[in-house]
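Note sheet for the following structure.
Taken together, the values in this text are just the output of simple stated rules run on the coordinates, not laboratory data. Note that this is a predicted model, so its numbers are computed, not measured. Every residue, glycine among them, receives a Cβ derived from its backbone with ideal geometry; neighbour counts consider all protein chains shown.
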Amino acid sequence: MQRETEGGRGWSKTVKGGQGWLRVLRRILGAPDYQAYLEHCRAGHVPALSEREYVAQFFEAKGKGVRCC
Amino acid sequence: MNRLAALLGWGGIAALGAAAFGVLALSRGETVNAAWLLTAAVCTYAVGYRFYSRFLAARVFGLDDRRATPAERYNNGRDFVPTNKWVLYGHHFAAIAGAGPLVGPVLAAQFGFLPGTLWLVIGVVLGGAVQDFTILCCSLRRNGKSLGQMAKEEVNPAAGAMAMLAVLFIMIILLAVLALIVVNALKASPWGLFTIACTIPIALLMGWWMKVWRPGRVGEASVAGGALLLLALVGGGYVASHPALATIFTHRGIALTGMMVAYGFVASVLPVWMLLCPRDYLSTFLKITTILALAVAILIILPPLKMPALTPFATLGEGPVFAGKLFPFAFITIACGAVSGFHALVASGTTPKMIARESDARFIGYGGMLMESFVGVMAMIAACTLDPGIYFAMNTTPAALAQASQVLGQAGFVVTPDVMGELASRMGETTLIARSGGAPSLAVGMAQIFASATSVLGGTTLTALWYHFAIMFEALFILTTIDTGTRVGRFMLQEIVGHVWPRFGETSWYPSVIAASAVVVAGWGYFLYQGVVDPLGGINSLWPLFGISNQLLAAVALCVGTTILIKMGRQRFAWVTVAPLAWLVTVTMTAGWQKVFSADPRLGFLAHAASLAGSSNPDAGRLIFNDRLNTFVALLFMSVVTVLIGTSLREWWLVLSGRKRAETHEAPYVERAYAAGD
């Protein structure tokens, strides 16, 4: 029984760690990260956009960036 | 004890770097291993980063971690986000590195490996990285304002308008020359064209995936896109070997020009999520992984450099790849990788809005540019591992090759048609002669490096696949630059015209979107067409023009940086930006002057036009018009920058002589909310 819990914890840790890496990849790529955005809104007590709206606004802002030669 | 260890350690690194430079400079006749080139570069970067960038960060700009950055003050979870410095380094690097640092060094290899390498390594430490870092710091202290806005506020409004105009013109030349590289790499290459054509439906599919089907799931969409891309790469080989299919994807330069123009227009008009963003994700993935793989492959095989340190063209100035002597043209040909004005746009764009603490700017701004220079050094290595005869046969048109045949023969840079034919068939192409533009020769160099690094896996049989992988890699991010560039050019044009006619300035008003996109596309499309039909290959005249414009933009950025330093009361450190500025102005003005007024028809636009007057060539009229247009463009760049430098000098004098109060538009000091070390 105890083993299972430990195994469970280890697994959830791995999943969490994996999500951390995904988050890093998203940032480097410049991809939208809705979960991070939700956390930001919660921390600042500001109303959050829906995921669809957030993604749409994110891409719109990205389209104004420059890529170098 | 620690001090002693540091002293010995850094002394050792400096001595190793100096020894490596010694080996490179003193090599005469014997082949040099690429390891020396890498050692010289890496030691110089290490010393430059450890000492010079620290001096810039601490003494010149006085970066202060207690001061809140725009990312913290305006954190909105979207564009203003405090970001880990390693993550932001990757993001910033992906935004600044493109085809420029790959192609410039390949073209400059016509002078031998030494001049280009020295300029890449020394230029970046004292010039390019300083420029990127300076503009990043200035923008960081001004809420992430753009270069144009800073020029307007800190120098004067006329300078701001001029800087903006300069950026627009430079963008047009840049897009034309990049498009020309793609056209030259894809003409008569069914494998290449099929692969690149496939990237469009792949990007559309990814766009639909991450916007409509599963909003925000960029990772999944990118993995699917990447897999399809590899499939398209392998499929290209099948298409090329199938006679009926191959003819569908075999096109001449002019047809490809039409396709490029149509693509640029469509990408600028469509919503960004459809084509532009997905392509950007694909190219970022490919860019980072390929550059890392190339570095590892070079380290594994440490190839010998077959190109000599200096070729006769360095002093003769009759090079077949591009005309002109080492000074000033080596410094114009390699812009990105040593100093690139374009980076000032990124360093005053998305990056300053994401910096978590001020001192991170050193690693991201200065360190990011060092990495780009390293990419340039790798491109130089890839080009110089080619046999010089093959290099010159690939990078010049038959007309230019004939003119330079005597010097090439004396230097022993000759190659038989059989060798070229065998090379082409190994790369899965019909011919590799006269594939100017740098991309194909870089691809051959990369393919050979990758193939020998993976030879244990039977890699040499995969050479053709590696060649087309390298072509796809270059073409993919050139296309990314073309679609974002056309779009940014469109926004600029809309903003400029919007001052006179506000309706036109609405970025979502369709008539304005279409008209502005058409104007921008027509602008670069014209220069592209001119390059494609040019009997000397086009790169010959367009690449120097691009180099001049990019370096002049760097001069604009350094002018703004110097003005800000003087207004901050740091005039005794103003030499950090004035020295590279003086060098760039000397180099670009000399090059611009020679391109316009040189009596040599291969070099000077006007002399070339005069040599055509009264000739029986049916195209003479058009060629003469193009020479005059190029003259006009070069003179326009030069005069814009002259005016900008003049107004900056006046501003410096007014402030330094106490006639004007030194007023900067720095954002007020706000203490960081996060604890130190957070």
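Could you give the size of the charge dipole of chain B about its Cα centre, using +1 on the Cβ of each K and R and -1 on the Cβ of each D and E, expressed in debye and rounded to the nearest 20?
Using only the charged Cβ atoms, the result is roughly 1380 debye.
Counting Lys +1, Arg +1, Asp -1, Glu -1, what net charge surrounds B:Phe61 among other residues with beta carbon under 10 Å of its beta carbon?
Here the charged neighbours net out to +2.
Please work out the C-alpha center-to-center distance from segment A:21-63 to segment B:65-109 and express it in whole Å.
18 Å
What helices does chain B have that are whole DSSP H segments, at least 27 Å long along their own axis by Cα, and with mean Kyte-Doolittle hydropathy of 1.0 or more?
Membrane-span-like by this criterion, though nothing is claimed about a membrane: B:2-26, B:157-186, B:190-208, B:218-241, B:276-301, B:510-533, B:539-567, B:575-597, B:620-656.
If R0 is 45 Å, what FRET efficiency do you get for B:Thr430 and B:Val643 from their C-beta distance, rounded to 0.05?
0.35
Which loop trypsin sites (Lys or Arg not before Pro) in segment B:22-78, with loop taken from DSSP, have no more than 12 other Cβ atoms within 10 angstrom of their Cβ?
Counting only loop positions with at most 12 other Cβ atoms within 10 Å, the trypsin sites (Lys or Arg not before Pro) in segment B:22-78 are B:Arg28, B:Arg66.
Project the alpha carbons of segment B:87-200 onto their principal axes and report the range along each, largest first, in whole Å.
Reported extents, whole Å, longest axis first: 51, 37, 33.
Restricting to Cα atoms and excluding each atom paired with itself, what does the Kirkwood estimate give for segment B:292-432 in Å?
18.0 Å
Place +1 on the Cβ of every Lys and Arg and -1 on the Cβ of every Asp and Glu in the protein assembly as shown, take the dipole about the Cα centre, and give the residue among B:Phe413, B:Val130, B:Thr454 whose Cα lies farthest towards its positive end.
B:Val130
Can you give the Kirkwood hydrodynamic radius for segment B:554-673, in Å, rounded to one decimal and based on Cα pairs?
17.2 Å
Which loop trypsin sites (Lys or Arg not before Pro) in segment B:570-678, with loop taken from DSSP, have no more than 10 other Cβ atoms within 10 angstrom of their Cβ?
Those satisfying the criteria are B:Arg659, B:Arg661.
Starting from the 7 Å offset along Cα-to-Cβ, what nm value, one decimal, do you get for the label separation of B:Arg659 and B:Ala579?
Output for this residue pair reads 3.0 nm.
Stokes-Einstein at 37 °C, 0.692 mPa s, Kirkwood radius from Cα pairs: D for the protein assembly as shown in µm² s⁻¹?
The Stokes-Einstein estimate is 123 µm²/s.
In whole angstrom, note down how far apart the Cα centers of segment B:158-191 and segment B:354-431 are.
Answer, in whole Å: 20.
Could you tell me the calculated FRET efficiency between B:Thr247 and B:Val533, based on Cβ-Cβ distance and R0 = 22 angstrom, to the nearest 0.05?
About 0.45, to the nearest 0.05.
What list of ³J(HN,Hα) couplings, whole Hz, do you get for segment B:343-355 from phi and the Karplus terms 6.51, -1.76, 1.60, once you set θ to phi - 60° and write x for glycine and proline?
Going residue by residue, I get 4, 4, 6, 6, 5, 10, x, 7, 4, x, 7, 10, 6 Hz, with x marking Gly and Pro.
Could you tell me, in Å, what Rg and Dmax come out for the Cα atoms of segment B:240-303?
Here Rg and the maximum Cα pair distance are 17.6, 46 Å.
If exposed means no more than 10 neighbouring beta carbons inside 10 Å and the site is in a DSSP loop, what's the longest run of chain B without any exposed GluC sites (Glu not before Pro)?
B:31-662
Beyond 23 Å, what share of the Cα-Cα pairs of segment B:184-341 remains, rounded to the nearest whole percent?
60 percent
Based solely on its DSSP helices, what 222 nm [θ] is calculated for chain B when runs of n ≥ 4 H residues each add -39,500 (n - 2.57) and the sum is averaged over all residues, nearest 500 deg cm²/dmol?
So the calculated ellipticity at 222 nm is -22000 deg cm²/dmol.
At 10 °C and a viscosity of 1.306 mPa s, what translational diffusion coefficient does Stokes-Einstein give for segment B:254-372, taking Rh as the Kirkwood radius over Cα pairs? Give it in µm²/s as a whole number.
84 µm²/s
Taking 7 Å along the Cα-to-C-beta vector as the label spot, tell me the B:Ala15-B:Glu671 distance in nanometres, rounded to one decimal.
4.9 nm
Ratio of chain B's C-alpha Rg to 2.2 N^0.38 Å, to two decimals?
Dividing the Cα Rg of chain B by 2.2 N^0.38 Å gives 0.93.
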